[in-house]
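Quick notes on the structure that follows.
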Amino acid sequence: MIGPVLIIAAAAAISAVVTYALLPMLRRHALAHPNARSSHKQPTPQGGGIAVIAATVAVSVSIAAFWLRDPVFNPSLGLLLLAVVFVSCVGAVDDVCTIGVAPRLLLQGLTMLVVIASLPEELRIVPQLPWWIERALLLLAGMWFVNLTNFMDGIDLMTVVEFVPLTIGVAIVAMLGNLPAYSIAIALALCGALLGFAPFNRPVARIFLGDVGSLPIGLLSTWLLILIAGAGHLAAALILPLYYLADATLTLARRVANREPFWQAHRTHFYQRATDRGFTVLGIVGRVFAVNAALVALAVATVVWPDPLNAAMALATAAALVGWLLYAFARGKP
């Protein structure tokens, strides 16, 4: 396979060029106007995810077609990329004219079904469960991760500082764990595409990712994490996305407990509360990036030293790091 740096550089270049080219059109047709739940104060174009997903798919398809010599599960790769393009189109429509909750969830569910169907039939994470129950649970988990990725994309650079470390971690774990070469290529392509988008999204952002980007990023990441878990590295698959999982899941649980309409947009995620309590955007995303870098190291350690005790210690350390960050955000800046 061609070098990781070349994959990242190619995806970053495509993403940056396409983002720059799209800006004038998106300013005219896809402005996100600030409201009571927004973190921005000026109308800002959204839809930068078009460039991120276009770069990821283009580089992934090119590598699969011209460089890889591993035909195993390639039909599933085609299904995956079709699902990514479809959910990106759903997100694009939602960005321009809001889709209702029920049809949006239905379309996401159908897309996730395609992704689950694309998995190798012999892939198992918890062999003690019946196969169909495990696949149903993967479907529900995938739906949640796609939506929490969308929920968490609420301030400048947040998705970049979450998924750049996550995709690098996935690529390292995949290399160490003998996963298919195309999974490494997709992880690196997504990493590069986000890096190419980052200069346009740094505070104060010139463009937002939009649902057209957050939904397929969540979908691709779900697929990559399932592959890692199915290869026997469940601890790594849980550690890598732990900050997003914890912030979104605890926020949802709190809203349900308070009988709030949890399906509606809000400003009560931990990172959003931090912006209201004295933290700057760069202060927030800097801390998230640092914690995610530590999570990558812990996830890789569980693969290098595959021992149940090591996995338990890594999970406990990861939970403590994420817990500290959430507590700091909830407390606010001294």
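The values are calculated or read from the model by the stated rules, or taken from the named source; none is laboratory data. Given the structure is predicted, the values throughout are model-derived calculations rather than measurements. Glycine also receives a Cβ, built like all others from the backbone with ideal geometry; neighbour counts cover every protein chain displayed.
When the residues of the stretch 1-49 are filtered to those that are in a loop (DSSP other than H, G, I, E, B) and farther than 30 Å from HIS269 by Cα, which remaining residue is modelled with the highest pLDDT? Going through the qualifying residues, I end up with GLY3. Checking the stretch 234-253 against the condition returns no match, with no residue being within 30 Å of TYR20 (Cα to Cα), in contact with a Pro (Cβ under 6 Å, 6 or more places away or on another chain) and outside any helix (DSSP H, G or I).
Looking at this structure, is THR268 assigned to a helix (DSSP H, G or I) and of a type in the set (S, T, N, Q)? Taking the combined requirement at face value, the residue does not satisfy it.
Checking ASP94, ASP153 one by one, the residue that is more than 29 Å from ASN292 (Cα to Cα), buried (at least 17 other Cβ atoms within 10 Å of the Cβ) and touching a helix residue (DSSP H, G or I) at 6+ places or on another chain (Cβ under 9 Å) is ASP94 and no other. Within the stretch 202-221, if we keep just the residues that are of a type outside the set (A, V, I, L, M) and surrounded by fewer than 24 Cβ atoms within 10 Å (Cβ to Cβ), the residue that is nearest to LEU166 (Cα to Cα) turns out to be ARG202.
Can you tell which of ALA293, ALA235, ALA229, ALA299 is in contact (Cβ under 8 Å) with a residue 60 or more places away in the chain, closer than 16 Å to GLU162 by Cβ and crowded, with 16+ Cβ neighbours inside 10 Å?
ALA299
Quick check, is ALA274 closer than 15 Å to GLY154 by Cβ, outside any loop (DSSP other than H, G, I, E, B) and over 18 Å from the mean Cα position of the chain (by Cα)? Yes: the conditions hold for ALA274.
Considering only residues that are in contact with a Gly (Cβ under 9 Å, 6 or more places away or on another chain) and in a helix (DSSP H, G or I), look in the stretch 299-315 and name the one that is nearest to TYR271 (Cα to Cα).
ALA299
Of all residues in the stretch 119-143, which are touching a residue at least 60 places away in the same chain (Cβ under 8 Å) and assigned to a helix (DSSP H, G or I)? The answer is LEU138, ALA141, GLY142. With respect to the stated conditions, ALA318 is more than 26 Å from VAL52 (Cβ to Cβ), modelled with pLDDT of 95 or more, assigned to a helix (DSSP H, G or I) and within 20 Å of the chain's Cα centre (by Cα).
If we keep just the residues of the stretch 163-180 that are within 17 Å of LEU194 (Cβ to Cβ) and of a type outside the set (A, V, I, L, M), which is surrounded by the fewest Cβ atoms within 10 Å (Cβ to Cβ)?
Among them, the one singled out is PRO165.
Residues that are assigned to a helix (DSSP H, G or I) and of a type in the set (Gly, Ala, Ser) within the stretch 148-186 comprise GLY169, ALA171, ALA174, ALA181, SER183, ALA185, listed in sequence order.
Output yes when any residue across the stretch 257-264 is over 23 Å from the mean Cα position of the chain (by Cα) and in a helix (DSSP H, G or I), and no when none is. Among the residues of the stretch 257-264, at least one is over 23 Å from the mean Cα position of the chain (by Cα) and in a helix (DSSP H, G or I), which makes the answer yes.
Residues in the stretch 210-226 that are at pLDDT 95 or above and either under 20 Å from VAL173 (Cβ atoms) or outside any helix (DSSP H, G or I) (or both): ILE217, GLY218, LEU219, LEU220, SER221, THR222, TRP223, LEU224, LEU225, ILE226.
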